[in-house]
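All remarks here apply to the structure that follows.
The values are calculated or read from the model by the stated rules, or taken from the named source; none is laboratory data. Owing to the predicted nature of the structure, the values given are computational and were not obtained by experimental measurement. Methodologically, a virtual Cβ is constructed for each residue, glycine included, from the backbone with ideal geometry; neighbour enumeration extends over all protein chains shown. In case anyone asks, the SASA skips ligands and DNA or RNA and just uses the protein heavy atoms, side chains included. Shrake-Rupley method; radii C 1.70, N 1.55, O 1.52, S 1.80 Å.
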Amino acid sequence: MPGILDHPDRTHSRLAPLFVGHAIYRQAAYGSNHPLAIPRVESVMDLCGALGWLGESEFRASPRAGLDQLAWFHASDYVQALRQASETGRVDFEVRRRYAIGTMENPLFAGVFERASTSVGGSILAAELALEGRIVFHPAGGTHHGRPDRASGFCYFNDPVFAILALLRAGTERVVYIDLDAHHGDGVQDAFARDVRVRTISLHERGRWPYSGDIEDTGEGRACNLPVPAQFNDSELGVLLDEVVLPLTQTAAPQALVVTCGADALDGDPLSSMRLSNVVWWSALERIVALAPAVVVLGGGGYNPWTLARYWSGLWGRLSGREIPPELPAEALAILRGLRCDLIDDEDVRPEWLTTLVDRPNRGAVRDQIRALADRALACVDESAWAPAAERASRQAVATI
Ligand SMILES: [Zn+2]
């Protein structure tokens, strides 16, 4: 595919970044007793607004995906079941069993169908806008566990799959998906396991639900999984980035990237034990997004409303070229002070979560097991499955001569 996607010098002159959001995320969701029943995308939009980082020209309202679009990936009986359950607020035993909706994990709440369809529509729009040659940030995206025919892991639909499908439908031939959530990006890896145009990399905490994504798991040859131990720190992330994530992405020469940035990989998240600072993620993502001309940056998990709002707001700030201020204006401070979370006791709310966007870096010793993980991951990767097809063909031609 010629044009912007094959910009030869790889420095990618781009159009201005865009932020995709929607007011629907201000509505209560997930009931009252669920890890996702916290302020998330709305506090990111509000914080960015308070900092003057969300001009009208930078914002696009997410459309809602139609039934025809949902059918790109999801089974029509599942889509209909979720729509009906959303309308009536009820599911019977058989529907609950078959589609995993109306459960503790994937509860029914008013507007669940509209909300899930809006995050799919946002990811499709983000991909289309990215193909113009830009970075598009869609923090409501990142529902990476959704399955074609059922809900899974708080995810009703799988919007990252739709971002990738939109890129492929537009003719993109090489896409890399990078999943930096604390949980394995199982739904996306499995969706594209047999598609030679897509490579997936997932860095996640070992031993966490969904318990997949072992180092040996390479899907059909084009997946790389980095299951990291608890207490994973900034210095250790640096090693895996430099030795595995960045070189593998470069090898694949992507025309487009889709990145899921779950905030549950941060220190202070109640559902993980990773210990990363937001500053290391901001720097990591700046290096990642430089590797392709078209980039979709999605949200993902994240169950601490303070660390999530600070991470994703600062990420948008950095991606859109702003300086992160050491001190926050009163309006931004009020947003942070107004956040609440049942999973975090008041005395565990750290002072810096209320006063600044910027974490202290959490550098530390790089454990031997991290270096071993990098070596093992590279040994598991089949280089020929990662290189673009044209390069493979030319290598074979040379070998034949
Ligand atoms: Zn997660």
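Checking LEU67, LEU15 one by one, the residue that is within 18 Å of PHE157 (Cα to Cα), surrounded by fewer than 17 Cβ atoms within 10 Å (Cβ to Cβ) and at pLDDT 95 or above is LEU67 and no other.
On inspection, VAL244 passes the criterion of being open to solvent by less than 20 Å² (accessible area, probe 1.4 Å) and of a type in the set (A, V, I, L, M, F, W, C).
Does segment 321-349 hold any residues that are open to solvent by 80 Å² or more (accessible area, probe 1.4 Å), of a type in the set (D, E, K, R) and not in a helix (DSSP H, G or I), and which are they?
GLU323, GLU327, ARG340, ASP342, ASP345
In the condition set (1) open to solvent by 10 Å² or more (accessible area, probe 1.4 Å); (2) in contact with a Leu (Cβ under 9 Å, 6 or more places away or on another chain), VAL228 is compliant with all but (1).
Tell me which residues, restricted to segment 273-302, are among the charged types (D, E, K, R) and either within 14 Å of ALA256 (Cα to Cα) or within 16 Å of the ligand (Cβ to nearest atom) (or both).
Going through segment 273-302, the residues among the charged types (D, E, K, R) turn out to be 275, 286-287.
Matches in segment 273-302: ARG275 only.
Filter segment 153-179 for residues that are within 12 Å of the ligand (Cβ to nearest atom) and assigned to a strand (DSSP E or B) and give the result. Selection gives CYS155, ASP179. Annotation: of all residues in segment 180-201 being within 11 Å of the ligand (Cβ to nearest atom) and not acidic (Asp, Glu), the one that is surrounded by the most Cβ atoms within 10 Å (Cβ to Cβ) is GLY185. Which one is farthest from the ligand (Cβ to nearest atom) among residues in segment 202-223 that are open to solvent by less than 40 Å² (accessible area, probe 1.4 Å) and not in a strand (DSSP E or B)? For segment 202-223, the residue satisfying everything is GLY221.
Considering SER43, SER86, SER117, SER32, the condition of being of a type in the set (S, T, N, Q), under 30 Å from TRP353 (Cα atoms) and in contact (Cβ under 8 Å) with a residue 24 or more places away in the chain is satisfied by SER43 alone. Taking the conditions (1) surrounded by fewer than 23 Cβ atoms within 10 Å (Cβ to Cβ); (2) farther than 24 Å from HIS184 by Cα; (3) aliphatic (A, V, I, L, M) in turn, LEU168 satisfies each one other than (2). If the condition is being in contact with a Leu (Cβ under 9 Å, 6 or more places away or on another chain) and open to solvent by 10 Å² or more (accessible area, probe 1.4 Å), then segment 255-268 contributes only ASP267.
Could you tell me whether segment 116-129 includes any residue that is at pLDDT 95 or above, surrounded by fewer than 15 Cβ atoms within 10 Å (Cβ to Cβ) and not aromatic (Phe, Trp, Tyr)? Within segment 116-129, not a single residue is at pLDDT 95 or above, surrounded by fewer than 15 Cβ atoms within 10 Å (Cβ to Cβ) and not aromatic (Phe, Trp, Tyr). Of all residues in segment 233-257, those that are farther than 23 Å from VAL175 by Cα and of a type in the set (Asp, Glu) total 2.
Beta carbons closer than 6 Å, at least 6 apart along the sequence or on distinct chains, pair a first residue in segment 201-216 that is touching a residue at least 12 places away in the same chain (Cβ under 8 Å) with a second that is part of a loop (DSSP other than H, G, I, E, B) and more than 13 Å from the ligand (Cβ to nearest atom) for ARG206/PRO229. In segment 96-115, of all residues being in contact with a helix residue (DSSP H, G or I) (Cβ under 6 Å, 6 or more places away or on another chain), farther than 17 Å from VAL41 by Cβ and at pLDDT 95 or above, the one that is least open to solvent (accessible area, probe 1.4 Å) corresponds to ILE101.
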